[in-house]
Amino acid sequence: MSKKFLLIILILTTGLVFSQNTKRAFTLDDIYRVKGVSAPVLNPEEDYMIFTVSELNLYQGSSKSTLYKLDNEGGDPQVIETGGKRVIAPFFDPEGEIIYFLSQVDGTSQLHSFNVESAEIKVLTNFYPGIDNPKITKDGKKIAFTAKVYPECGDDGQCNKLNADAFAKGPVHAHIADSLLFRHWTEYDDDLFYHTFLLDLTSGNIKDLTPGYFHSPIYYAGGGADFDISPDGKFLVVASNRGATPEQNTNSDLFLINTETLETKNITAQNLAWDGSPAFSPDGRYLAYRKQLVPGYESDKFRIALYNLSNGHDKILTEEIDNWVGEIHWADDSRMIYFTVEEAGYDPLYSIDVKSNEITKIRGEICTGGFSISNNGKSIFYTYRLNHLPAEIYRFDLSSKKETQLTFFNKKLLEEVDFRPVEHLWVDGANGKKVHTMIVKPFGFDPAKKYPAVINIHGGPQSQWRDAFRGDNQVYAGAGYVYVIPNPHGSTGYGQDYTLGISGDYTGKIVEDIMKVTDAIENLDYVDNDRVGAMGWSFGGYMVNWLQGITDRYKCFASMMGLYDLESFYGTTEELWFPEFDLKGTPWNSDLYQLYSPSNNVLNFSTPTLVVTGKLDYRVSYNQSLQYFTALQKLKIPSRLIIFDYDGHWPSHLRSMPLYYNSHLEWFHTYLGGDPAPYDSKLMMRNRAYEGKKW
């Protein structure tokens, strides 16, 4: 071989290596450099769309949201100036002349209007305690919205403010309850209930459409609203659980309410399980909604059902799909429904013809966010994420099947930083089932080297890890770890039997799955078997707490919002239907609370553990973490406890999660030997870690 040829090979190889190494490793700060692109909203003439982009400043703990306009064919997005107001939930009037949005006024969320031609901004409401989830009628004359109010006050904003101010500012600070579900997620009800209202845009009058002492709509932990307004504005449909014991059943029903007379009809009374997510067809003939069939089981399969408003007939459309249906939208011709499905680590987009029941997968292997369908039915506009791609907006042509990316707000960051993709591994698990496991290899991966590994067990337990960008999935790989996210028994997306497999069996099939996944990871040539740790949140936290008492194979654990003592968990949680179904009863009539409680294995504990919790966590009381930390300390096991004062089960992304990420990096660096954390967690606690730094 000639020297000249060898020189050419050397140059080409060097160039390839150089091109691969031009990007730097993903860091904690980069989580907050990612711009959040919202779902697109098409204007009625469908020549352009609007959307918001959120930007964060980690060092100042601040954020901003900017409203943009973009031609549907693409191009350069244009900023719509809104006078410095933070824009939330923008939408058009039917003529496309007005953009409505929510923004803060004196600490409450109020409705604003933006005139497309004149750029004039008006504040349209002054309703206490503020409004959420606005939806406009087809004629553009009225807007339905939700608010949490005192039932005796209803649509009297001043009455609501008087009571709220006295409660907050007076000398007595207490809570009184005469029934359960008196607190939920992060707040006490304190005599307040979610109601749905109708705003007349001409007169400014606001009318309470759901008076009474019940939540209408039901509370949605992830945000959003469980109601819809008919195209002619004459009817509201709202999901509400109006039984005597809402804390122990999932029987949310759909109530059809005449917006003039308030005459109310329960149209799903025959189903004792959950009904929700209603959506009127554009022609007003049908109501599509999501439906479950097993009473008391919050993780039963979500199906699409169709209710005929003229004759009251009801049928399920998607029974053949053996996974959960997510977001649903009608096509403008009322013939097709578009929807997402949780499926093997993704959220693909489907459609169904409501007459023929023909189901079509439109776009697979993406994690679809919000989406809109063009009125002519030719295109769908959506956001999606993959592990290595933060959300952007795309257009999908239904005829050609061509997808076009329309926004590039994170392009510069993607060119600078190495966002790592997932690789898929299917591991033989319990009952002969394959366990879908996703692996994110570390920055600068060299197959000849040995790396520490972190296995993250998801919460739920009925949920799934996705091939979707999130902070955890990048920050540990950026710090030199093989990051592993398995979907064991109990996960969604692999058939309903697989999901149901966790109920009544908290420490059987799932533990076997996790152990076999760990075996498979340790058998990888590039994993250092002596440096494998495990982490988990909520049920995932429970899982690592359980592993603490049955194995010493992991070098460290991180337990976030985890269950430790199942009997005391039952007595402090709020949605009792969850443990009563999964643990087959109450602590006084089911042995599973004792059988599956990590606290009963305390004498076997030995592994160093980071424990993280939130003081306002009413789903898994922070006392669970206090009990666990006390046991670890008394046993002289290295451990650290972090308590967030103003957070619940899901800590604030900007205020608290930076400390969460950093503390994990510190812990894993100590016990697994990856890269050091970028900050001192105690300085972060004192709010001094970013002094002198510029964003």
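The values are calculated or read from the model by the stated rules, or taken from the named source; none is laboratory data. What you are looking at is a predicted structure, and each value in this text was computed from that prediction instead of being measured. Because the Cβ atoms are built from the backbone with ideal geometry, glycine has one as well, and the counts that use them run over all protein chains shown. To get the accessible areas, we keep the full protein, side chains included, count just its heavy atoms, and leave off ligands, DNA and RNA. Shrake-Rupley method; radii C 1.70, N 1.55, O 1.52, S 1.80 Å.
Where in segment 26-90 are there strands (runs of 3 or more DSSP E), lying wholly inside it, with at least 2 residues that are at pLDDT 95 or above, open to solvent by 30 Å² or more (accessible area, probe 1.4 Å) and under 14 Å from residue 392 (Cβ atoms)?
Numbers: elements: 48-57, 62-71, 78-80.
Where strands (runs of 3 or more DSSP E) fall fully within segment 26-90, none carries at least 2 residues being at pLDDT 95 or above, open to solvent by 30 Å² or more (accessible area, probe 1.4 Å) and under 14 Å from residue 392 (Cβ atoms).
Please determine whether any residue of segment 511-518 is at positive phi and in contact (Cβ under 8 Å) with a residue 24 or more places away in the chain.
The first filter runs over segment 511-518 and keeps only residues at positive phi, leaving none.
Within segment 511-518, not a single residue is at positive phi and in contact (Cβ under 8 Å) with a residue 24 or more places away in the chain.
Go through segment 337-396 and give me each residue that's part of a loop (DSSP other than H, G, I, E, B) and under 29 Å from residue 314 (Cβ atoms).
Our first condition is that a residue be part of a loop (DSSP other than H, G, I, E, B); within segment 337-396, this holds for 342, 344-345, 348, 354-358, 364-366, 374-378, 387-388.
Scanning segment 337-396 gives 342, 348, 354, 355, 356, 357, 358, 375, 377.
Within segment 399-444, count every residue that is farther than 30 Å from residue 374 by Cα, open to solvent by 50 Å² or more (accessible area, probe 1.4 Å) and in contact with a Lys or Arg (Cβ under 9 Å, 6 or more places away or on another chain).
Within segment 399-444, residues that are farther than 30 Å from residue 374 by Cα, open to solvent by 50 Å² or more (accessible area, probe 1.4 Å) and in contact with a Lys or Arg (Cβ under 9 Å, 6 or more places away or on another chain) number 9.
Given 221, 244, which one is hydrophobic (A, V, I, L, M, F, W, C), over 21 Å from the mean Cα position of the chain (by Cα), modelled with pLDDT under 95 and within 21 Å of residue 182 (Cβ to Cβ)?
Numbers: 221 fails: over 21 Å from the mean Cα position of the chain (by Cα).
That would be 244, the only listed residue that is hydrophobic (A, V, I, L, M, F, W, C), over 21 Å from the mean Cα position of the chain (by Cα), modelled with pLDDT under 95 and within 21 Å of residue 182 (Cβ to Cβ).
Would you be able to tell me the number of residues in segment 573-606 that are touching a residue at least 60 places away in the same chain (Cβ under 8 Å) and either of a type in the set (Phe, Trp, Tyr) or open to solvent by less than 50 Å² (accessible area, probe 1.4 Å) (or both)?
Total satisfying the criteria: 11.
Of the residues 167, 214, 227, 182, which single one is of a type in the set (A, V, I, L, M, F, W, C) and in contact with a Leu (Cβ under 7 Å, 6 or more places away or on another chain)? Don't jump to the end; show me each part of the working.
Details: 167 fails: in contact with a Leu (Cβ under 7 Å, 6 or more places away or on another chain); 214 fails: in contact with a Leu (Cβ under 7 Å, 6 or more places away or on another chain); 182 fails: in contact with a Leu (Cβ under 7 Å, 6 or more places away or on another chain).
None of the others qualify; the one that does is 227.
Just to verify a result, which residue in segment 279-295, among those that are open to solvent by 10 Å² or more (accessible area, probe 1.4 Å) and in contact (Cβ under 8 Å) with a residue 40 or more places away in the chain, is farthest from residue 339 (Cα to Cα)?
In this case the residue turns out to be 295.
Within segment 527-570, how many residues are out of contact with any Phe, Trp or Tyr (no Cβ under 6 Å at 6 or more places or on another chain), open to solvent by 10 Å² or more (accessible area, probe 1.4 Å) and aromatic (Phe, Trp, Tyr)?
3
Give just the number: which of (1) open to solvent by less than 40 Å² (accessible area, probe 1.4 Å); (2) over 25 Å from the mean Cα position of the chain (by Cα); (3) free of Cβ contacts under 8 Å to residues at least 60 places away in the same chain does residue 380 not satisfy?
Every condition holds for residue 380 apart from (2).
Yes or no: segment 622-634 includes at least one residue that is buried (at least 18 other Cβ atoms within 10 Å of the Cβ) and not in a helix (DSSP H, G or I).
Checked against the condition, which is being buried (at least 18 other Cβ atoms within 10 Å of the Cβ) and not in a helix (DSSP H, G or I), segment 622-634 yields no hits at all.
Assess whether residue 658 counts as being in contact (Cβ under 8 Å) with a residue 24 or more places away in the chain and open to solvent by 10 Å² or more (accessible area, probe 1.4 Å).
On the way: in contact (Cβ under 8 Å) with a residue 24 or more places away in the chain: yes; open to solvent by 10 Å² or more (accessible area, probe 1.4 Å): no.
It is false that residue 658 is in contact (Cβ under 8 Å) with a residue 24 or more places away in the chain and open to solvent by 10 Å² or more (accessible area, probe 1.4 Å).
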